[in-house]
1. Considering B:GLU86, B:GLU71, which residue is more than 10 Å from chain A (Cβ to nearest Cβ) and either free of Cβ contacts under 8 Å to residues at least 12 places away in the same chain or of a type in the set (Asp, Glu) (or both)?
2. Which members of segment B:37-52 meet the condition of being touching a residue at least 40 places away in the same chain (Cβ under 8 Å) and of a type outside the set (Phe, Trp, Tyr)?
3. Mind checking which residues of segment B:84-131 are hydrophobic (A, V, I, L, M, F, W, C) and either farther than 17 Å from B:TYR46 by Cα or part of a loop (DSSP other than H, G, I, E, B) (or both)?
4. Could you list, in sequence order, all residues of segment A:54-98 that are assigned to a loop (DSSP other than H, G, I, E, B), closer than 23 Å to B:MET111 by Cβ and free of Cβ contacts under 8 Å to residues at least 40 places away in the same chain?
5. Considering only residues of segment B:104-116 that are surrounded by fewer than 16 Cβ atoms within 10 Å (Cβ to Cβ) and free of Cβ contacts under 8 Å to residues at least 40 places away in the same chain, which is nearest to A:VAL55 (Cα to Cα)?
6. Give B:LYS41, B:LYS4 a once-over and let me know the one that is over 17 Å from the mean Cα position of the chain (by Cα) and modelled with pLDDT under 80.
7. Against the condition on the phi < 0 side of the Ramachandran plot and modelled with pLDDT of 85 or more, how does A:ALA115 come out, does it pass?
8. For the condition under 30 Å from A:PRO127 (Cβ atoms) and either modelled with pLDDT under 80 or out of contact with any Leu (no Cβ under 6 Å at 6 or more places or on another chain) (or both), what is the one hit in A:PHE43, A:PHE98?
Amino acid sequence: MFRFSSALDTLLALQEAVEAASTSDYFGLSTTSRGTFPSTNLFQEGDNIILMAEVPGVKKDEIEVQIKDNLITISGERKNNYPEKASVHRLERHAYKFNRTMKLPVTVDINQVKADYENGILRVVMPRAESDKPKMIDIN
Amino acid sequence: MNDKEKKEITVQDKKEVQTKSEPTIPGKVYLPNTDIVETDKELLVYMDMPGVSKEKIRVKIEKNVLAIDGEIDSSPYSNLKPLYTEYNIGHFSRSFELSNEIDQNGINATMTDGVLLLTLPKAPDKQPKMISVN
């Protein structure tokens, strides 16, 4: 901490530091609350469950998606390649090895699952299994 | 002890406020996570912008401010009903002030897998020089 000759100078420095922090980008909005990685959204479109995950910087062949019953697991690794002899000014992105399992609200038909990866977003489209859909029962 | 002086309301001097400019396109704007790494001859800026394709990125330099904007395509989300969300969908924008050590004509930008890499070369006369001893 700085030591100033007078208490008022210390207060002024503190006030300037707070103002600088509030106008900087540090408290800005980011798409996610920096919790688990990768950030995942689950959507429903008709009878399909769609999972979308933000995984920028991961190559397509470094992602693995596994499905069993109503559990989906996505795993992979994100490596950051920085040149050697580099000094770092700011590091907000992290290199991660991730492995996440999510429980889906319905059982899905594994044979009809499609997954694609574009621009850092992984999308898995999973149709609901026929056996999971409720059947109408006639009343005699 | 109970006499309190009447306090007058005084008008404060106007302070200079640094405001960010208001957006004109619809949709929320978020800050992309950025790594800034410096080597001997250049500055490397990595920005995470998932969902933004190469054509939707705008990198602009005006005076000494480098402004990066990435537009996201929200059409794949239009018919979807959210069940569980951890991230928001929105455009990306961030700006940086460059020092005059950067050669502004040599800035290069590449985009792979949702990560934008900006290479800012240092001006040649600002690179560290080795001086040999005779």
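1. Working: B:GLU86 fails: more than 10 Å from chain A (Cβ to nearest Cβ).
Within the list B:GLU86, B:GLU71, the selection yields B:GLU71.
2. B:ASP40, B:LYS41, B:GLU42, B:LEU43, B:LEU44, B:VAL45, B:MET47, B:ASP48, B:MET49, B:PRO50, B:GLY51, B:VAL52
3. Applying the first criterion (hydrophobic (A, V, I, L, M, F, W, C)) to segment B:84-131 yields B:89, B:92, B:96, B:98, B:102, B:107, B:109, B:111, B:115-118, B:120, B:123, B:130-131.
Once the filter is applied, which keeps residues that are hydrophobic (A, V, I, L, M, F, W, C) and either farther than 17 Å from B:TYR46 by Cα or part of a loop (DSSP other than H, G, I, E, B) (or both), segment B:84-131 yields B:ILE89, B:LEU98, B:ILE107, B:ALA123, B:MET130, B:ILE131.
4. Within segment A:54-98, A:LYS59, A:LYS79, A:ASN80, A:ASN81, A:TYR82, A:PRO83, A:ALA86, A:GLU92, A:ARG93, A:ALA95 meet the criteria.
5. Only one residue fits best here, namely B:THR112.
6. After ruling out the rest, the residue left standing is B:LYS4.
7. Here the answer is yes, as A:ALA115 does meet what is asked.
8. A:PHE98
The values are calculated or read from the model by the stated rules, or taken from the named source; none is laboratory data. Just so you know, these numbers come straight off a predicted model, no measurement behind them. Note: ideal-geometry Cβ built from the backbone for every residue, glycine included; neighbour counts use all protein chains shown.
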